[in-house]
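*Asks:* Here it is, the structure in full.
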Amino acid sequence: MTGYIEDIGSYFLMLKRTFGSFTKRSVLKELILKEIDDLIIGSLGIVVFISFFVGGVISIQTALNVSNPIIPKSLIGFATRQSIILEFAPTFMSIIMAGKVGSFITSSIGSMRVTEQIDALEVMGINSLNYLVFPKIIALLCFPFVIALAMFIGICGGLLAGVYGGFITYTDFTAGLQEDFEPFHLVYAFIKTFVFAFILATVPSWQGYYMKGGALEVGKASTNSFVWTSVLIILANFIITQLLLS
Amino acid sequence: MIKVDNIKKRFGEEEILKGISTVFHKGKTNLIIGQSGSGKTVMLKCLLGLFKPEEGLIYYEEKAIQHMNEEQQRDLREEIGMLFQGGALFDSMNIEENVMFPLRMFTKQKKSEMLDRVNEVLSRVNLEGVNKKYPAEISGGMQKRVSIARAIVNRPKYLFCDEPNSGLDPKTATVIDNLIQEITHEFDITTVVVTHDMNSVMEIGENIVFLKNGVLVWQGNNTDIFNTDNVDVTDFVYSSDLFKKIREIQLKER
Ligand SMILES: Nc1ncnc2c1ncn2[C@@H]1O[C@H](COP(=O)(O)OP(=O)(O)OP(=O)(O)O)[C@@H](O)[C@H]1O
Ligand SMILES: [Mg+2]
């Protein structure tokens with residue numbers, strides 16, 4: 001138990017030091033651009049792929065389960081939209097990103113730790129946390145764009161699968177998409193996304209930064225990081241949903 | 001000059017450095033030697049301020065790092081070059097960027113000026129034509145040399161090396177040792193080298209500090225070390241067969 005309290009303490013201490021003495025501006029700018037490239041741009045392919053097919057599956061599943069003629073066909077569009085905007089894109093995607101981006105962050109910082117590269121930064125008088133973690137936090141401020149893309153592609157996937165699978169007409173689906181639209185649901189989704197982005201940037205960094213040992217431990221830390229990050233995302237999801245929607 | 005005044009460092013219950021006092025001289029290669037686990041790396045990291053000793057003071061010239069504020073510590077660190085045991089080159093950067101890194105961080109030079117300086121130090125460590133390669137693409141000995149280049153690029157006053165020749169063949173190891181010594185003399189730097197390699201001791205041991213279980217048991221230079229009666233030191237020095245044979249011959253000749 002005290003172990004957990006220490007962990008939580010070291011996490012917040014890390015955050016404090018991350019926003020401590022800043023790295024030279026021109027260098028920081030470069031680092032941020034590099035992180036955007038690695039963490040955001042590098043993830044777009046997998047995001048598009050997964051969103052498209054999961055969107056398709058959601059729409060087909062819904063279609064197969066509404067065989068009752070009393071229920072309007074437009075429900076398929078409606079249900080696809082709701083599940084993608086509320087849960088699939090923000091939460092499910094963030095957990096997939098915990099696997100991709102999170103373990104990448106942990107292993108890259110962790111291997112810098114075990115090969116003394118972090119010590120090298122500190123010896124030079126550089127605030128290594130600001131140098132390493134701050135650019136990742138800033139880069140992940142773009143994460144909501146990734147999620148917006150996931151929403152859009154997911155709905156397109158649903159539409160195409162529904163229409164070309166012969167389950168629903170284009171008109172019915174788009175009518176469903178526009179049914180009972182609550183703008184607040186989008187606000188809710190993006191608030192979640194920001195929180196998840198912060199978790200995604202900081203928890204894996206923390207796992208990597210404070211790891212001990214050698215190359216084998218880097219692997220273990222990456223796995224740990226995935227577990228921690230996804231558990232925290234699920235918990236945060238629960239809390240935010242309680243606060244905002246109920 | 002670096003003066004160490006009675007430093008103690010513990011991890012949990014275990015006291016690793018048990019009150020060490022010594023002086024590391026300017027313009028000399030100062031060596032910290034001792035068996036594995038004797039506390040050499042811990043001592044070096046204390047000197048660097050990466051570990052904070054519970055007791056004792058470490059003076060750089062006149063001023064103790066414990067009495068410096070954050071600003072002064074940062075200024076001091078700009079005067080320090082460090083060669084890590086594994087090189088610690090940034091693997092996301094190529095050789096040129098690695099060596100240029102301290103300049104980019106701490107000077108306002110133009111890119112071309114920095115490049116000139118980088119090429120100057122790279123040729124100083126006899127490395128040319130590898131500028132665009134990445135650390136993973138060059139050999140261990142070359143990595144060490146790049147690391148030396150990075151350590152000296154910003155003209156440090158203090159140079160620290162943790163086992164500069166571990167994992168290298170004897171010839172390359174000697175090249176690295178000599179390089180460190182030449183640089184030390186050439187730029188009048190205070191150099192501290194951690195090693196357990198007897199060859200280095202013989203080659204560059206101008207001031208040797210011998211640690212055993214966190215205690216300084218002997219200090220002297222590379223001639224003294226072969227004439228001392230200190231049992232701990234002779235045990236260490238003559239642990240290899242080669243030096244044992246030399247010792248026997250020496251004793252016969254007496
Ligand atoms: N960060 C740390 N936390 C706890 N104990 C440590 C730490 N660093 C070193 N020690 C302990 O301090 C002792 C001395 O370690 P140190 O690394 O200084 O040895 P060394 O003389 O450099 O040995 P080697 O020649 O093998 O590198 C060891 O018993 C080690 O377990
Ligand atoms: Mg060591």
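*Asks:* Quick check on packing: order A:169-181, A:93-105 by the mean number of other C-beta atoms within 10 Å, highest mean leading. Show your work: numbers first, answer last.
*Replies:* Working: A:169-181: 15.7, A:93-105: 23.4.
With the highest mean Cβ count within 10 Å placed first, the list reads A:93-105, A:169-181.
*Asks:* Using a 1.4 Å probe and counting only protein heavy atoms, how much accessible surface gets buried when A and B come together, both sides summed, in Å² to the nearest 100? Before the final figure, lay out each step's value.
*Replies:* Working: alone 12530 and 12740 Å², together 23440 Å².
Chain pair A/B: roughly 1800 Å² of buried accessible area.
*Asks:* What does the charge count around residue B:100 come to, taking other residues whose C-beta lies under 9 Å from its C-beta (Lys +1, Arg +1, Asp -1, Glu -1)?
*Replies:* Working: positive: B:104, B:111, B:117, B:150; negative: B:96, B:97.
Summing Lys/Arg as +1 and Asp/Glu as -1 gives +2.
*Asks:* Shielding by partners for B:142-151, please: the mean number of other protein chain Cβ atoms within 10 Å of each residue's Cβ. All intermediate terms of the calculation are to be shown ahead of the outcome.
*Replies:* Values: counts 0, 0, 0, 0, 0, 1, 0, 0, 2, 3.
Going residue by residue through B:142-151 and averaging, the value is 1.
*Asks:* For the charge dipole of chain A, defined by +1 on Lys and Arg C-beta atoms and -1 on Asp and Glu C-beta atoms about the Cα centroid, which residue among A:211, A:44, A:103 has the Cα displaced farthest towards the positive pole?
*Replies:* A:211
*Asks:* Suppose every K and R has +1 on its Cβ and every D and E has -1 on its Cβ; what is the size of the dipole of chain B about the Cα centre, in Debye to the nearest 20?
*Replies:* 300 debye
*Asks:* Using a 1.4 Å probe on the protein heavy atoms, what percent of the accessible area of region B:107-224 belongs to carbon and sulfur? Don't jump to the answer; show the numbers that get you there.
*Replies:* Numbers: 2490 of 5120 Å².
So the carbon and sulfur contribution to the accessible surface is 49 percent.
*Asks:* Between region A:200-223 and region A:35-98, how many Å separate their Cα centres?
*Replies:* 31 Å
*Asks:* Using only Cα atoms, what is the ratio of the radius of gyration of the protein assembly as shown to 2.2 N^0.38 Å? Before the final figure, lay out each step's value.
*Replies:* Working: Rg = 29.6 Å, N = 500, 2.2 N^0.38 = 23.3 Å.
Against the compact-globule rule of thumb, the ratio is 1.27.
*Asks:* Might you report the magnitude of the Cβ-based charge dipole of the protein assembly as shown about its Cα centre, with Lys and Arg at +1 and Asp and Glu at -1, to the nearest 20 debye? All intermediate terms of the calculation are to be shown ahead of the outcome.
*Replies:* On the way: 47 positive and 53 negative charges, 103 e Å.
Charge dipole, the protein assembly as shown, about its Cα centre: 500 debye, nearest 20.
*Asks:* Right, next: What distance in nm lies between label points placed 7 Å from Cα along the C-beta direction at residue B:223 and residue A:1?
*Replies:* 6.7 nm
*Asks:* For chain A, with all protein chains present and a 1.4 Å probe, just round the carbon and sulfur fraction of the accessible area to a whole percent. The partial results should precede the final answer.
*Replies:* Working: 8350 of 11580 Å².
So the carbon and sulfur contribution to the accessible surface is 72 percent.
*Asks:* Above 17 angstrom, tally the Cα pairs of region B:11-53 and express them as a % of all pairs, no decimals.
*Replies:* Details: 316 of 903 pairs.
Here the tail beyond 17 Å accounts for 35 percent of pairs.
*Asks:* Give the average, rounded to an integer, of partner chain Cβ atoms located within 10 angstrom of each Cβ in A:110-119.
*Replies:* Details: counts 0, 1, 4, 0, 1, 9, 9, 9, 1, 8.
For this peptide, the per-residue mean of nearby foreign Cβ atoms is 4.
*Asks:* Right, next: Compute for region A:24-245: radius of gyration divided by Kirkwood radius, i.e. Rg/Rh, restricted to C-alpha atoms, rounded to two decimals. Walk me through the numbers on the way to the answer.
*Replies:* Values: Rg = 20.4 Å, Rh = 18.8 Å.
Here Rg/Rh amounts to 1.08.
*Asks:* Identify, among A:193, A:70, A:158, the residue whose Cα sits farthest towards the positive end of the charge dipole of chain A, taking +1 on the Cβ of Lys and Arg and -1 on the Cβ of Asp and Glu, with the dipole about the Cα centre.
*Replies:* Result: A:193, furthest along the dipole toward the positive end.
*Asks:* Please average, across the residues of B:75-87, the number of beta carbons from any other chain that are within 10 Å of each residue's own beta carbon, and give a whole number. Intermediate results must be reported in sequence, preceding the final value.
*Replies:* Details: counts 1, 1, 5, 2, 1, 3, 2, 6, 1, 6, 3, 5, 4.
Mean shielding by partner chains, rounded to a whole number: 3.
*Asks:* Are any of the pairs B:26/B:52; A:136/B:110; B:52/B:157; A:212/B:171; A:100/A:192 more than 30 Å apart by Cα-Cα distance, and if so, which?
*Replies:* Values: B:26/B:52 23 Å; A:136/B:110 28 Å; B:52/B:157 21 Å; A:212/B:171 33 Å; A:100/A:192 19 Å.
Over 30 Å apart, Cα to Cα: A:212/B:171.
*Asks:* Using only the Cα atoms of region B:2-229, each taken as one equal point scatterer with no solvent, compute I(q) by the Debye sum, divide by I(0), and report log10 of the ratio at q = 0.08, 0.09, 0.15, 0.16 Å⁻¹.
*Replies:* Taking Cα atoms of region B:2-229 as identical point scatterers yields -0.29, -0.37, -1.01, -1.13.
The values are calculated or read from the model by the stated rules, or taken from the named source; none is laboratory data. Fair warning: this is a prediction, and the values are worked out from it, not measured in the lab. Counting neighbours? That spans all protein chains shown, and the Cβs are built from the backbone with ideal geometry, glycine included. Please note that ligands, DNA and RNA were not included when accessible areas were found on the heavy atoms of the full protein model with its side chains. Shrake-Rupley method; radii C 1.70, N 1.55, O 1.52, S 1.80 Å.
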